[in-house]
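**Q** First, the structure itself, so that you have it in front of you.
Read-outs throughout are calculated quantities, based only on the coordinates presented, and are distinct from any laboratory measurement. The structure displayed is predicted, hence computed values, not measured ones. Neighbour counts are summed over all protein chains in view; Cβ atoms, including those assigned to glycine, are modelled from backbone coordinates with ideal geometry.
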Amino acid sequence: MRTIAIVITALILLVTHAHATDNTSLQYKNIIKQYKGNVIYLDFWASWCTPCRKSFPWMNKIQKKYADKNFKVISINLDAEPNLAKQFLASTPANFTILNDPNGKLAQELQLKGMPSSFIINAEGKIVSAHVGFTDKKKVQYEQEIEQLL
Amino acid sequence: MKVVNIYKRLVTLSLVCSAVGLSGCTSLGVEPWERDLLAKKEMALTSAPIDASLDDHIYFSKEATSGGRSFGGGGCGCN
Amino acid sequence: MQLKVNKTNLKAMLTTASCALLGSTANASTEESWQFDTAIMHYAEVDRVSATEAIIAGTKTFNNDEVLNLKVTIDALTGASPNGATAQPTPQTFTRPSGNGQYTVNAGDTPLDDTFHDTRVQLTGQWTQPLLKDYIVSVGGNFSKEYDYMSASLNGNVARDFNKKNTTLSAGMSFAYDVIEPEGGIPKPLSAMVVGDADDPNFEDDFNKTRIGSDESKSTIDLLFGVTQVINRQMIVQLNYSYSTVSGYMTDPFKIISSVNHNGEAQAYLYENRPDERTKHAFFGQTKYHFDSGILDASYRFMTDNWQIDSHTFDFRYLIPFTNGHFIEPHFRMYTQSAAEFYQPFIAQDEAKPNFVSADYRIGELDTYTVGLKYGMPMGDGNNLSFRLEYYHQTPKSNGIQAIGVLKEVELYEEVDAIIAQVTYSF
């Protein structure tokens, strides 16, 4: 019985530790450092979020359209269960960077107000605007804001 | 008069309840990215609207109470 | 394969029909965003009424999160309904509400009027959209028509989100206007039903003397205030207060009450009469809790009104999902109400007639319960099929009025058993 308990505790420690190391890199300053010089559309999504699905074709489109203008779409998946994100991506393909934030560390840091949430970041790494939601009206506005920075 | 009194008491009660509820609310709830379970269709308050409307019609016809969840409204001359 | 083709065609056809209603053209993108729910439900009481109700509802979500709901409901009702009179140890004869003919009820039986045949068509529309930041507004209307009844209503609702959408406050209002035009006209309250020889040349004149008009109406105003609160990742709670005031004709023109002598023997049948004002307050609380093994949906409603009816309703559902996507959902509902102050099972002939009186068991003391089961399964492409079977039991009870004479020997509060069967298909 005791051995089982020790093994389980060890496993739990291992798993939480693995998560912890995985997430130290997922901080705003690290992302900015890595993609410095790019205008960034930073998007937060999850598989269970219906409007998030609608934003994928648009993000694919703008990534392609502005690829040669130092523009990056970076999307952060917030699913606690990575398999759900995989299933989502199987039916909704993405041609942009996807990072995982299963514990919501970065989401917490940026104090998300809703889902989907997005941030438009200029080449200096400063957040120019923060948005919640994705609709036809909003995507026009988002694209205008991005164009102004390019 | 009696009815008016009950009414006043109920209104006061509901106002007090909602005030208490609201002030307590800020400590309740989840972050936007923690809605994976709440986002399920089955977790909607009225998750089966068709069943709800059929049931409303049956119980409206057979019992003296209607509404509460949503509008009771008018209805039918059903027996 | 054939089935698949048909299914697609049906959806395309409904989409075209819906678009025609909206005055827009069906194109590829609109075709994808309509979601349809269809259901057919059969309600059958043992030896009494049965009703079949069919629903087709379409929901379209537009690109800026506006949602349109359109719903058509058709139902057909047939069978026998209690007319309000008490059972007697002897056979009883009643005149039909229309005045055309009579019917006889056997000794010891609860008198049922078997003339109910009605078909109702109902159209419902609701438009919901976000407004500004954090607000959602909704407006809708409803129209229903059956042979002798018309109902129309309009509603509006506004909701505001607070605290990262964890708290939602909402307020709504609805106005409804109903008109009843029973065949045979509106009976004169408390007048005695003419039960003579229907072939007598004076019968029609006598019958007409018990009539005061051809139609009556009522209007209803409902106010609804609600708070929805997310408690944690698994739990959400809703609390509603609703106020409803109805003014106008709430009497049931088809219902009578037995006027009995000191030995409980029916001497006459008087048309019932209800007050023309009713104010209701309802408190409704609901919670949904996501357990690992399933989802609990529990609700409670308390209603009190100025007819002195108080009621309590408890409702529990527990949805158990299986790994293959199927689910089973047991349901239990319990309801209890006190009697309206003017409810009486019968009137003593030698006592003064009350202003308002009804022997309709549905506003008497009443307990009911429902047990049911729903089984659902995915059909691919996001389509779903489900079956529901429920048993509904009504137990009318005495409100304390003692039976006299022969009424002690008959059943004044007959229990009712009903079955609800439903098939739902969503695509």
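**Q** Running a GNM on chain C with Cα contacts under 10 Å, which residue among C:69, C:232, C:384 ends up with the highest mean-square fluctuation?
**A** The residue that fluctuates most here is C:232.
**Q** To the nearest 20 debye, what is the magnitude of the charge dipole of the range A:27-149 about its Cα centre, counting +1 on the Cβ of each Lys and Arg and -1 on the Cβ of each Asp and Glu? Could you put the intermediate results ahead of the total?
**A** Details: 17 positive and 11 negative charges, 32 e Å.
Computed charge dipole of the range A:27-149: roughly 160 debye.
**Q** Also: At 0.36 nm per residue, and after removing the present C-alpha to C-alpha distance, how many nm does the segment from residue C:415 to residue C:137 gain when stretched out fully?
**A** Values: separation 278, 0.36 × 278 = 100.08 nm, distance 4.39 nm.
Extending this stretch completely gives an extra 95.7 nm.
**Q** So, with +1 on the Cβ of K and R and -1 on the Cβ of D and E, and no other charges, what is the size of the charge dipole of the range C:223-314 about its Cα centre, to the nearest 20 debye? Each step should come with its number before you reach the end.
**A** Working: 7 positive and 9 negative charges, 71 e Å.
With Lys and Arg at +1 and Asp and Glu at -1, about 340 debye.
**Q** Using the Cα atoms of chain C to build a convex hull, what is its mean projected area in square nanometres? The partial results should precede the final answer.
**A** Details: hull surface 98.3 nm².
Hull-based average projected area comes out at 24.6 nm².
**Q** Please arrange C:262, C:331 by counting, for each residue, the other beta carbons lying within 10 Å of its beta carbon, fewest first.
**A** Numbers: C:262 10, C:331 20.
Going from sparsest to densest Cβ surroundings: C:262, C:331.
**Q** Given R₀ = 25 Å, what would the calculated FRET efficiency be for residue C:369 paired with residue B:52, taking r from the Cβ atoms and rounding to 0.05? Show your work: numbers first, answer last.
**A** Numbers: r = 18 Å, r/R0 = 0.73.
Calculated value: 0.85.
**Q** So, one more: Quick one: compute the contact order of the range A:27-149, relative version, from alpha carbon pairs under 8 angstrom and 6+ residues apart, as a percent. Present the calculation step by step, with values, prior to reporting the outcome.
**A** On the way: 190 pairs, mean separation 42.5, N = 123.
Relative contact order, the range A:27-149: 35 percent.
**Q** So, with +1 on the Cβ of K and R and -1 on the Cβ of D and E, and no other charges, what is the size of the charge dipole of the range C:2-426 about its Cα centre, to the nearest 20 debye?
**A** On the way: 32 positive and 53 negative charges, 438 e Å.
The calculation lands at about 2100 debye.
**Q** Evaluate the distance, in nm, between pseudo-label points positioned 7 Å from the Cα of residue C:33 and of residue A:145 along their respective Cα→Cβ axes.
**A** So the two model labels end up 2.2 nm from each other.
**Q** Three principal axis extents, largest first, for the C-alpha atoms of the protein assembly as shown, in Å?
**A** 100, 63, 50
**Q** If you don't mind, another one. Please find, in a Gaussian network model of chain C (springs between Cα atoms separated by less than 10 Å), the residue of C:334, C:250, C:235 whose mean-square fluctuation is greatest.
**A** Result: C:235 has the largest fluctuation of those listed.
**Q** If you don't mind, another one. Run the quick spin-label model on residue C:107 and residue B:39: label points 7 Å from Cα toward the beta carbon, then report their separation in nm to one decimal.
**A** 7.1
**Q** Between residue C:351 and residue C:332, what is the label-point separation in nm under the 7 Å Cα-to-beta-carbon projection?
**A** If labels sit at residue C:332 and residue C:351, their model points lie 3.9 nm apart.
**Q** Here's a follow-up. I'd like the FRET efficiency for residue C:320 and residue C:341, computed as 1/(1 + (r/R0)^6) with the beta carbon distance as r and R0 of 45 Å, rounded to 0.05.
**A** Numbers: r = 44 Å, r/R0 = 0.97.
Result of the calculation: an efficiency of 0.55.
**Q** A follow-up question, please. Pop the C-beta distance of residue C:93 and residue C:298 into the FRET formula with R0 = 45 Å and round what comes out to the nearest 0.05. Can you show the working numbers first?
**A** On the way: r = 49 Å, r/R0 = 1.08.
Computed FRET efficiency for residue C:93 and residue C:298: 0.40.
**Q** Another question, if that's okay. Which Cα, out of C:213, C:386, C:229, lies furthest along the positive dipole direction of the range C:2-426 (beta carbon charges, K/R +1, D/E -1)?
**A** Farthest along the dipole direction, towards plus: C:229.
**Q** Quick one: length gained pulling residue C:74 to residue C:231 fully straight, 0.36 nm per residue minus the C-alpha distance?
**A** Numbers: separation 157, 0.36 × 157 = 56.52 nm, distance 3.92 nm.
Stretched fully, the residue C:74-residue C:231 segment lengthens by 52.6 nm.
**Q** What residue among C:278, C:211, C:233 shows peak mean-square fluctuation when chain C is described by a Gaussian network model with Cα springs under 10 Å?
**A** C:233
**Q** Let me ask something else. Placing +1 on the Cβ of each Lys and Arg and -1 on the Cβ of each Asp and Glu in the range C:314-355, which of C:348, C:337, C:324 has its Cα farthest towards the positive end of the resulting dipole?
**A** Selected residue: C:324.
**Q** Sticking with this structure for a sec: Using the number of other C-beta atoms within 10 angstrom as an exposure proxy, rank C:307, B:33 with the fewest first.
**A** Fewest-to-most ranking of C:307, B:33: C:307, B:33.
**Q** In whole Å, how far is the Cα centre of the range C:187-229 from that of the range A:66-90?
**A** 66
**Q** Taking the dipole about the Cα centre of the range C:2-426, with the C-beta of Lys and Arg at +1 and of Asp and Glu at -1, give me whichever of C:191, C:264, C:39 is farthest to the positive side.
**A** C:39
**Q** Moving on to the next point. Show which aspartates and glutamates lie in cross-link reach of residue C:145 when reach means a straight Cα distance below 20 angstrom and same-chain residues fewer than eight apart are skipped.
**A** Residue C:145 reaches B:55, B:56, C:53, C:75, C:118, C:178, C:181, C:183, C:215, C:216, C:252.
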